[in-house]
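Worksheet for the structure shown next.
The values are calculated or read from the model by the stated rules, or taken from the named source; none is laboratory data. Since we're looking at a predicted model, the values are computed, not measured. Neighbour counts are summed over all protein chains in view; Cβ atoms, including those assigned to glycine, are modelled from backbone coordinates with ideal geometry. Heads up: the accessible areas ignore ligands, DNA and RNA and are worked out on the full protein's heavy atoms, side chains in. Shrake-Rupley method; radii C 1.70, N 1.55, O 1.52, S 1.80 Å.
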Amino acid sequence: VPGGYEGPRMPLRKRTVPKASLAAADGSAKDAEASDKGKEAGEGEEMVEIEEEYVDLDFVKAVADWFRDEKTLPDRYVFTILLQADRLLRQLPTLVDVAVPADTVLTVCGDVHGQYYDVLNIFKLNGFPSDKLMYLFNGDFVDRGSFSVEVIVLFLALKLLYPNAFFLNRGNHESVGMNQLYGFEGEVKAKYPTHSRRMFALFQETFEALPIAHLIQDKIFVVHGGLYSRSTAKNSTQPEGDGVVRLDELRGMARFYQPNHSSLMCESLWSDPQPQNGRARSPRGTAIQFGPDVTREFCDKNNLTMVIRSHQQVDEGYEIAHDGQMVTVFSAPNYCDAATNKGAYIRITPELECTYHKFAAVPHPNVKAMAYANVGRFA
């Protein structure tokens, strides 16, 4: 921690680890994970006691306030949060099952796109995350908005604090190509210049570890983009195959890659609904558009009541389509400082009752959206 630093300090705790695992502590999450797996397999390893930094509620709340005042954390703390979050995320399945216990509410939010002050406003309006007030943020945490580092570091710290109550889905903007273009890479370079190259690479490793979808109480499927081509389903090549992706296909999907690694991942992150039945090419140039019949069949075959997705700006912050089975939620009001849209979030009870809440944008410091973007390189 640099001399003169007066910000939040991570608390310390003692932990016993295999001595050989310390050799992996070089800033690479993948190397650390591989080393950890190797130690689990061995018996009679020499163990040593270490002090390690961790997050607690006081630290997380202090970080939220520190970021609000446009201040940065020491590089060491960002690396520590990234490495610990990556290790946690890699233990999760690609499709995460979420139970909503009694006396608990789960809030689902859509894209926030680096609009940190609107994230703080969500917590002000709806309550700060806790074991009783669960959250699921449905991807696109970064890019476009100019406070993306603050958003993702706070979210990862919250994931560490509440691993069973704070959930994160991957979005199409949690990828290297989008980050190089729409501002996140430039923001990392500007705010953490000393180790920006290694830090950006570690962010990408962590993004690849994010789950692709969550399933709430076995009935509500939450994914960033949308549904799938017939050819994506495993049974599409079978004579009597119905061309409908099953949830077990998502559970078994390898996700530690960039989104174009498979059509199943790409469509999960990029697809959009359309009002007419059937499927069509997406004007985005990747994935598909899908109609009410596709949603109905997907829900029927997987015993679901509805799908919640994000990925698209909608004027009122949320939009209910496809006979109530397809809901879009978008949580970045006044998107890119250039729109008049509201943001929204969805509160879900243990009985799966959904209430929709809209909110307006709040002021932020005088740093415009896309301030760190690199779109000119393709002009």
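Provide the convex hull volume over Cα atoms per residue for segment 116-263, in Å³. Roughly 124 Å³ of hull volume per residue. Solvent-accessible surface of the chain, taken per residue with a 1.4 Å probe and all protein chains present: 43 Å². Using a cut-off of 22 Å between Cα atoms, the listed pairs Lys219/Lys342; Lys61/Lys124; Lys132/Lys219; Lys71/Lys132 include Lys219/Lys342; Lys71/Lys132 as exceeding that distance. Once the chain from Thr194 to Lys124 is taken as fully extended at 0.36 nm per residue, the excess over their C-alpha distance is 21.8 nm. Overall, the accessible surface of the chain at a probe of 1.4 angstrom is composed of carbon and sulfur to the extent of 48 percent.
The angle between the Cα long axis of helix 75-89 and the longest principal axis of the Cα atoms of the chain comes to about 50 degrees, rounded to the nearest 10.
Could you work out the relative contact order of the chain? I mean the mean sequence separation of Cα pairs under 8 Å and 6+ apart, divided by the number of residues, in percent.
Numbers: 803 pairs, mean separation 64.9, N = 379.
For the chain, the relative contact order is 17 percent.
Just order 233-241, 346-354 by mean Cβ neighbour count inside 10 Å, highest at the front, would you? Write down the numbers at each step before the final one.
Working: 233-241: 11.8, 346-354: 15.7.
Taking the mean over residues of other Cβ atoms within 10 Å, the ranking is 346-354, 233-241.
With K and R counted +1 and D and E -1, the other residues having a Cβ less than 12 Å from that of Asp140 yield a net charge of 0.
Paramagnetic label reach from Leu352 (point 7 Å along Cα→Cβ; backbone nitrogen cut-off under 20 Å): within segment 103-117, residues 103-109. Binning all Cα-Cα separations of the chain at 20 Å, short to long from zero, yields these whole-percent fractions: 28, 58, 13, 0.
Between the helical axis of 196-209 and the longest alpha-carbon principal axis of the chain there is an angle of about 50 degrees.
In a DSSP loop and with at most 16 other Cβ atoms within 10 Å, the trypsin sites (Lys or Arg not before Pro) in segment 39-96 are Lys71.
Just check segment 235-379 against the gyration tensor rule for me: Cα atoms, a ≥ b ≥ c as the square roots of the eigenvalues, rounded for a/c under 1.5, and otherwise prolate or oblate depending on whether a/b exceeds b/c. Taking the square roots of the gyration eigenvalues as a ≥ b ≥ c, segment 235-379 is oblate.
Using per-residue counts of other Cβ atoms within 10 Å, averaged over each peptide, order 243-254, 122-133, 163-174 from highest down. Write down the numbers at each step before the final one.
Numbers: 243-254: 17.0, 122-133: 15.2, 163-174: 23.6.
So the peptides 243-254, 122-133, 163-174, ranked by packing, come out 163-174, 243-254, 122-133.
Relative to the longest principal axis of the chain, what angle (0 to 90°, nearest 10) does the C-alpha long axis of helix 292-302 take? Once rounded, one gets 60 degrees. One Cα centroid belongs to segment 91-106, the other to segment 243-301; the line between them spans 22 Å.
The value given for segment 72-113 is a Kirkwood hydrodynamic radius of 13.6 Å, derived from the mean inverse Cα-Cα separation. Descending by average beta-carbon neighbour count within 10 Å, the peptides 78-86, 147-155, 100-108 line up as 147-155, 78-86, 100-108, the highest first. For the chain, the share of DSSP beta bridges that are antiparallel, to the nearest 5, is 55%.
Multiplying the residue separation of Glu51 and Arg68 by 0.36 nm and subtracting their alpha-carbon distance yields 3.2 nm.
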